[in-house]
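Please read the structure below before turning to the comments.
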Amino acid sequence: VTSVTLVRDCFSQISKYNARLNAFIKVQNENVALEKAIEADDRFNKGIIKGPLDGIPITYKDNFCTKELSTTCDFISPFNATIVDLLQDSGAIMIGKTNMDEFGMGAFGPAYNPHTIISDQKDSIDQEPRVAGGSSGGSAAAVASGMCFASLGSDTGGSIRLPASYCGVIGFKPSYGQCSRWGLVAYASSLDTVGIITRNVHDAQLIYDIISKYDEKDPSSLPPKLRSINASLASFEKTNSNFTDLSKLRVGIPQEYYVSELSDPIKSLWKRGISLLRSYGATIVSVSCPSTRYALPAYYILAPAEASSNLARYDGVRYGHRSDMDSKQDEELLYAHTRSEGFGEEVKRRILLGTYTLTAGSYNNYFIYAQRIRKMVQSNFDSVFRRPNPLHLVKNESSSFYNRNSDEIFEISNKLRNESHGVDVIMTPVAISTSPKVKDSLSSSFLSNSDNAKNLDDNSFVNAYVNDVFTIPANLAGIPAISVPFGISPIDGFPIGLQLMTQYGDEHTLFYISKVLE
Ligand code: GLN
């Protein structure tokens, strides 16, 4: 297949479906993309390949800075995000920016779930329009409907995994610090990660290998020394040579994820996933993550607090929307008008909530408690996994660990791993239900529309937050997590994904087990 054919196919899917799915915010000019495809094909004919993605059409969620197309809130960026540069250097062709809620916050984006259109079993599917999920919903809808090969999104509390599960595609969130956030518009900086949506695990791994590089421009990027220590640590993936024999694999099933709200089709698919891994010889272990129930409220303290600080820069002076109201003599009025007009309801709610929890009077009661819960969630995961956490190993053994060679690091960590009763991977559902109906769902864009806002009761936004209950713990702990499509609900015909999580830095075990499930 030539690159020109691939690019043409994607544009033909876009012109067929985008009006109905609303997956893109901006579509690249087809001729610009085709020119690049012709160049890629020419290179190929001469035996030159730029990189593993040479000539492959991909998309970015609108919160990635790109020089060629504008970025969220119509910002024309003078630079590319680091991951955009890395993917471009490997030959990828950007064909558009995908839809998201304002700053990636809302629980449901206005992109529509493509499953009603693309499934070959249309008769068994409830035709009532469903959401693609948020906030990387446009990315999931674009990949699921063949509008691009892959899409890069962001995951702060589940925004990659939730839409992936709803749309029946792979959604992968790497460990915090593995992929550069430079050029990704910040929402909650200590939780934000770049994420990848693809149709299969192999493609996600391919892209991850290109973008998981140290970047000096991102202060939270994992430094090279820690990357090499991490690569030397023992893991299931490293010690297992036979793909169909998982007899040395220990799979954790956290009791706390078995909540009463979980729908029956999801419960039974979760059980089927457990049986599948067991049939390959894996040992299934019931594990406990008692801090899970506090993770959601802690997240909704921490994320708005960070957002209120990150969004302070939208004052109408440096960039973004500026109010036309005559307030030029009074800076405070200018800021107030600009921010009242420019932000949607959900963003304003988050800014107020975050500002409140950071005030002197409530800081100790909310923010500090939420940080403690975050720490508990992290140590909970550390006690459940048997692979040691590289970040702690370095801390505990201080400088001596830095001087060991990779064989020594492997030996020490393998010993620790074998002595532990922990697990290699945790398997849970991604969401409580299948993709919600558009009419029942809440999104920031819905709320910004005052007629819709009036029809929603005061607590409906809290109900929307609950959808993130299974995905948030991985963000609080910074560990890698993936949503793998695992079946279809017999009730409404919509896809269901299972979530896998591994120890910090153990992406390769995560991919390994995901390939067994897919
Ligand atoms: N729904 C969550 C929030 O609004 C997750 C968003 C995300 O992961 N970007 O914060």
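Laboratory data are not the source of any read-out in this text; all were calculated from the coordinates shown. All values derive from a computational prediction rather than experimental measurement. FYI the Cβ positions are ideal-geometry reconstructions off the backbone, even for glycines, and counts take in every protein chain you see.
Data table
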| read-out | value |
| --- | --- |
| Net dipole in debye of region 35-77 [+1 Lys, Arg Cβ; -1 Asp, Glu Cβ; about Cα centre; nearest 20] | 180 |
| Overall dimensions of the chain as given by Cα atoms, namely Rg and Dmax in Å | 22.6, 72 |
| Difference of contour (0.36 nm per residue) and Cα-Cα distance, residue 127 to residue 272 | 49.5 nm |
| Dipole-positive endmost among 344, 317, 357 within region 316-360 (Cβ charges, Cα centre) | 357 |
| Length gained when the stretch residue 392-residue 368 is fully extended (0.36 nm per residue, less Cα-Cα span) | 6.4 nm |
| Region 192-294: GluC sites (Glu not before Pro) in DSSP coil with no more than 14 other Cβ atoms inside 10 Å | 216, 261 |
| Cα-based Lys pair tally, region 220-352, threshold under 24 Å, eight or more apart or on separate chains | 4 |
| Hydrodynamic radius of region 335-385 per Kirkwood, over alpha carbon pairs, in Å | 13.2 |
| Charge-dipole axis of the chain as Lys and Arg at +1 and Asp and Glu at -1 on Cβ define it, positive-most pick from 127, 242, 493 | 242 |
| 22 Å Cα-Cα threshold exceeded, pairs from 36/97; 16/515; 173/375; 36/213; 97/173 | 16/515; 36/213 |
| Cα centre as origin, Lys/Arg/Asp/Glu Cβ charges: the chain dipole, Debye | 1020 |
| Charge dipole of region 363-434 about the Cα centre (unit charges at C-beta), most positive-ward option of 418, 380, 431 | 431 |
| Calculated on alpha-carbon atoms, Rg and Dmax of region 309-371 in Å | 14.0, 43 |
| Over 21 Å [Cα-Cα, region 107-242], rounded percent | 48 |
| Calculated P(r) of region 1-146 - Cα pairs past 24 Å, % | 35 |
| Amide proton proximity set for residue 193, modelled H, under 5 Å, gap of 5+ | 155, 156 |
| Simple spin-label estimate for residue 48 and residue 248 in nanometres, 7 Å along Cα-Cβ | 4.5 |
| Full-extension gain in nm, residue 76 to residue 319, via 0.36 nm per residue minus C-alpha separation | 86.5 nm |
| Summed residue charge, Cβ within 12 Å of residue 181's Cβ, Lys/Arg positive, Asp/Glu negative | -3 |
